[in-house]
Amino acid sequence: MVTAVINGKAVLEHGVASVSLILDGGKIRAILAPDCDVSALYPGCGIIDAGGQYVVPGGVDGHVHFGGFGSVPIADDFYTGSKAALAGGTTTVVDFCEPGEGEDPLECIRVRKDFGRDSAVDYALHYTFTEDYRRELPRIPDILDQGITAFKAYTYYPRTSLLPGDFRNIMEVIHDKGTLLVHAEEKSIIDCMKERFHPESSDMTALSLTRPNIAEKIAVESVLAIARETGTRLCIAHASSRETAAIRRRERMAGNESFILESCPHYMQFTRKSMEGPRGALYTMNPPLRAREDADALMEAVLREDISILSTDHCPYSKQYKLGTNYETVPCGVDGVQTRMQYYFSEAVLKRGLSMEAFVRMTSSNAAKFYGLYPQKGVIAVGSDADLAFFDPALSWTYTMEDVAGATDYSIFEGFPLRGRCTRTIKGGEVVMENGVVTAKKGSGTFLFTK
Ligand SMILES: [Zn+2]
């Protein structure tokens, strides 16, 4: 069935325009001038009146963890995580597969795709290298065959800590085949810092203090040097410090566009102050929350578009697994996929004057381009998927637990006042969320090949 979205301010690649969008067969079929009589051109078509709201491409969140992982269960699986995503205007996510001890890479991908069968958003996957990467590297052709060209590696994490030499080995193989997302924190700095804290400290600020800015800075400079040497397209995951923002600025001024940053709302909004006291465990993630100067520098970097991809690292755990732990045992990760676009629409666009075009680049187009999903995703253009989100700048509201569309039992954004609201999400030409009510069917999402 043909649907026409009329009376919207569509954020197109080259500006905001009052147009009518014709959706058909899951795609955007035509973009028409507002005075075109769509009922005459497409007799019997369904009409959605956007009421003058902004219409943007469905969001692309380049970094989520929907279910699985380690011994502590992540609160959201692919279906509940999808519902949260759709409630906030995001229609595409990039999740991860990471082989277990001795597990064959293809088996791990098969299991993850099986998990993804419940997804109601379209999804792609990163392949994460482990410390056993020498066994995984020869399987790269098979991994590529599975539609995965997005790779991820850590400088420091259980089972996945890699040294500069390892990064060089990996980048020499993948540099002409895909992209590399790196979790960058220098292990030796953190190990030394941990000696200064009681290992069972329940003071969660220890998590932040043992992982100082300098740990991120050293790791970023190190992988950047190797990426430059090998010609690898590098994205630093969840940039959390003013130093990392400054490195990107320096590289951007020098014209290096194959090095980009991803960051997440929590690093711009919260500081390690939130980690004080008995509820501090609810604000734990890696890298950790830092100082106000870092949060402000990162928001400044968003306004200058020094951060290319605004993701979430959505990885929520129920309170029961967070509270009563210590800084070494707390499962790290917070929610974000639902509030991501709402947060930047409120805090960057409406409060700080970011343009809608820039908002769209950072919340969808850039991630779609980096992961080779563009122009199927990340743009309102003829032939692109009919994935859209409506944003009403006139609505102000407060995010509460009643708004949570996923399975988390708390949100770091609970009680947060937001300006502007995502009122409708369309995926594949179908309305899947209206005024906070998600109607998408389990399993309606599809796996996307990255390129
Ligand atoms: Zn992550």
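In the range 177-196, the qualifying residues are those that are in a helix (DSSP H, G or I) and not charged (D, E, K, R), and the one that is farthest from the ligand (Cβ to nearest atom) is 192.
Here's the yes/no breakdown for (1) without any contact (Cβ under 8 Å) to a residue 40 or more places away in the chain; (2) among the small types (Gly, Ala, Ser):
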position: 189; (1), (2): yes, no
position: 192; (1), (2): yes, no
position: 195; (1), (2): yes, no
position: 208; (1), (2): no, yes
position: 211; (1), (2): no, no
position: 217; (1), (2): yes, no
position: 221; (1), (2): yes, no
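Screening residue 57 on (1) within 16 Å of the ligand (Cβ to nearest atom); (2) buried (at least 24 other Cβ atoms within 10 Å of the Cβ) shows it passes everything except condition (1).
Within the range 249-261, being buried (at least 23 other Cβ atoms within 10 Å of the Cβ) and over 21 Å from residue 314 (Cα atoms) holds for no residue. For residue 159, the conditions (1) surrounded by 17 or more Cβ atoms within 10 Å (Cβ to Cβ); (2) within 16 Å of the ligand (Cβ to nearest atom) are fulfilled apart from (1).
Checking the structure you have, find out if any residue of the range 61-71 is in contact with a strand residue (DSSP E or B) (Cβ under 9 Å, 6 or more places away or on another chain), within 26 Å of residue 9 (Cβ to Cβ) and not small (Gly, Ala, Ser). Yes - at least one qualifying residue is present in the range 61-71.
Scanning the range 238-259 for residues that are within 16 Å of the ligand (Cβ to nearest atom) and of a type in the set (Gly, Ala, Ser) yields 239, 240. Comparison of 274, 208, 201, 161 shows that the only residue that is over 30 Å from residue 411 (Cβ atoms) and polar (S, T, N, Q) is 161. Answer yes or no: is there a residue in the range 11-24 that is within 16 Å of the ligand (Cβ to nearest atom), under 30 Å from residue 315 (Cβ atoms) and crowded, with 16+ Cβ neighbours inside 10 Å. No - not one qualifying residue is present in the range 11-24. Of the residues making up the range 33-54, none is within 16 Å of the ligand (Cβ to nearest atom), hydrophobic (A, V, I, L, M, F, W, C) and not in a loop (DSSP other than H, G, I, E, B). Candidates in the range 228-237 are the residues that are outside any strand (DSSP E or B) and surrounded by 23 or more Cβ atoms within 10 Å (Cβ to Cβ); of these, the one that is nearest to the ligand (Cβ to nearest atom) is 237. For the range 131-156, enumerate the residues that are surrounded by fewer than 22 Cβ atoms within 10 Å (Cβ to Cβ) and under 25 Å from residue 81 (Cα atoms). Those that are surrounded by fewer than 22 Cβ atoms within 10 Å (Cβ to Cβ) and under 25 Å from residue 81 (Cα atoms): 146, 147, 149.
Where helices (runs of 4 or more DSSP H) fall wholly inside the range 291-353, the ranges with 1 or more residues that are at pLDDT 95 or above and of a type in the set (Gly, Ala, Ser) are 292-303.
The values are calculated or read from the model by the stated rules, or taken from the named source; none is laboratory data. Predicted model only: the values in this text are computed from it and were never measured. Cβ coordinates were reconstructed from backbone atoms using ideal geometry, including for glycine residues, and neighbour counts include every protein chain displayed.
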